[in-house]
Amino acid sequence: MKIIHPSLYRRPELFFRPSQIIRRILWEFKRPKKNVLVSLPWGLQVNVSPNDRIGASILKTGSYDTAVLECLYRLVDEEDLCLDIGANFGLMTGVMALAAGKRGKIIAFEPHPEIASSLQEHIERWRETPRLGTIQVINKAVSERAGTAQLEIPGEFHCNRGTARIHQAGETGETMKLIKVDTICLDNLLDDPQVRIGMLKIDIEGHEKAALSGAAGLLKRGAIRDIIYEEQAEYPSPVSKYLEQFGYTIYLIRKGLLKPILMPPETPLYELGNYLATRNPQRVEKRIANKGYSILRNLC
């Protein structure tokens, strides 16, 4: 019982989907040695590695960053244009595409060529899903200007593919290798004054401020409604200060057993923080108020 009892009370992934407890137990006794095609709780399929942090979490619990996924699903409206910056293999891309519906569009940015290829394979697999929005993959890094950069691949990349990041001049590492990648600036890509972005999710290992600096025009004219970002520093950070200049209200996202919890941004962190910045806090608080996790049921 030690395998399941404590987790049951702190993991909505098991509380709302008791059948996942069996898979969790099987993981302890017989871990797969190669990639596995998994049906996610919300109905899409992904090919995951048991040796990758995100893949292992999916195999054990069925999900990863569940509170963030739920916030994305609740806050994205039908027909929204959404951006997934640092899309990895598309976990959050898929949830936003389901929320946006057939007339919505997701632009997914993933600079690492192998991961971008995995993302494209998943999108092809999802293509027949009736209510899925259009997904465009851009194999470039989002930054403050268009050009090129070095993508840093650390030694632990084989067990956590989310650790690749834009290399900063002067940094060194014995196990690090560098890949040249193209960069793109959001203000240049989305220069139509009529464009409106419902949700921008960004997780790019410390390069968030630079990427958002390249969207200063969009932010200034209020073209981005909501932003969810991972932060390596506690509030107030350079990212939060920058967004507050444009009128955003910041919340810390925490995973509650019955629903995501929005907390004051200055709440102390016990792990990397996921934050929500919004231009409409009343809308956000209303959308997040109800109990439950929609993403832990089939949405397709």
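Counting only residues that are surrounded by 14 or more Cβ atoms within 10 Å (Cβ to Cβ) and either small (Gly, Ala, Ser) or at positive phi (or both), how many does segment 178-232 have? Number of matching residues: 11.
It is to be established whether one or more residues within segment 148-161 are part of a loop (DSSP other than H, G, I, E, B), in contact with a helix residue (DSSP H, G or I) (Cβ under 7 Å, 6 or more places away or on another chain), of a type in the set (S, T, N, Q) and at pLDDT below 90.
Looking only at segment 148-161, we keep the residues that are part of a loop (DSSP other than H, G, I, E, B), and these are 154, 160.
From the residues that got through so far, the ones that are in contact with a helix residue (DSSP H, G or I) (Cβ under 7 Å, 6 or more places away or on another chain) too are 154, 160.
Checking which are of a type in the set (S, T, N, Q) leaves us with 160.
Those still in the list that are at pLDDT below 90 too: 160.
Yes, segment 148-161 contains at least one residue that is part of a loop (DSSP other than H, G, I, E, B), in contact with a helix residue (DSSP H, G or I) (Cβ under 7 Å, 6 or more places away or on another chain), of a type in the set (S, T, N, Q) and at pLDDT below 90.
Can you work out which of the residues in segment 56-97 that are farther than 26 Å from residue 130 by Cβ and surrounded by fewer than 24 Cβ atoms within 10 Å (Cβ to Cβ) is modelled with the highest pLDDT? Here the residue is 67.
Report yes if some residue within segment 217-234 is of a type in the set (D, E, K, R) and within 23 Å of residue 111 (Cβ to Cβ); otherwise report no. So far as segment 217-234 goes, yes, one or more of its residues are of a type in the set (D, E, K, R) and within 23 Å of residue 111 (Cβ to Cβ).
The number of residues in segment 93-122 being under 19 Å from residue 142 (Cβ atoms), touching a strand residue (DSSP E or B) at 6+ places or on another chain (Cβ under 7 Å) and of a type in the set (A, V, I, L, M) comes to 7.
The residues of segment 247-300 that are more than 27 Å from residue 16 (Cα to Cα), of a type outside the set (S, T, N, Q) and surrounded by fewer than 18 Cβ atoms within 10 Å (Cβ to Cβ), listed by number, are 247, 266, 268, 281. Take the residues in segment 75-111 that are assigned to a strand (DSSP E or B) and over 15 Å from the mean Cα position of the chain (by Cα), then tell me which one is nearest to residue 218 (Cα to Cα). My answer is 81. Under the condition of being without any contact (Cβ under 8 Å) to a residue 60 or more places away in the chain, crowded, with 16+ Cβ neighbours inside 10 Å and in a helix (DSSP H, G or I), the residues counted in segment 24-55 number 3. Determine which single condition residue 135 fails, assuming it passes every other condition in (1) closer than 30 Å to residue 36 by Cβ; (2) of a type in the set (A, V, I, L, M); (3) modelled with pLDDT of 80 or more; (4) over 18 Å from the mean Cα position of the chain (by Cα). Here residue 135 meets the rest and fails (4).
When you look at residue 114, is it assigned to a helix (DSSP H, G or I), surrounded by fewer than 21 Cβ atoms within 10 Å (Cβ to Cβ) and either β-branched (Val, Ile, Thr) or out of contact with any helix residue (DSSP H, G or I) (no Cβ under 9 Å at 6 or more places or on another chain) (or both), yes or no? Can you show your working first?
On the way: assigned to a helix (DSSP H, G or I): yes; surrounded by fewer than 21 Cβ atoms within 10 Å (Cβ to Cβ): yes; either β-branched (Val, Ile, Thr) or out of contact with any helix residue (DSSP H, G or I) (no Cβ under 9 Å at 6 or more places or on another chain) (or both): no.
In short, no.
The set of residues in segment 267-288 being modelled with pLDDT under 95 and of a type in the set (D, E, K, R) consists of 271 alone. The set of residues in segment 32-60 being closer than 24 Å to residue 202 by Cβ, of a type in the set (Ser, Thr, Tyr) and out of contact with any Gly (no Cβ under 6 Å at 6 or more places or on another chain) consists of 57 alone.
The values are calculated or read from the model by the stated rules, or taken from the named source; none is laboratory data. Note that the structure is predicted; figures quoted are calculated from it, not measured. Counting neighbours? That spans all protein chains shown, and the Cβs are built from the backbone with ideal geometry, glycine included.
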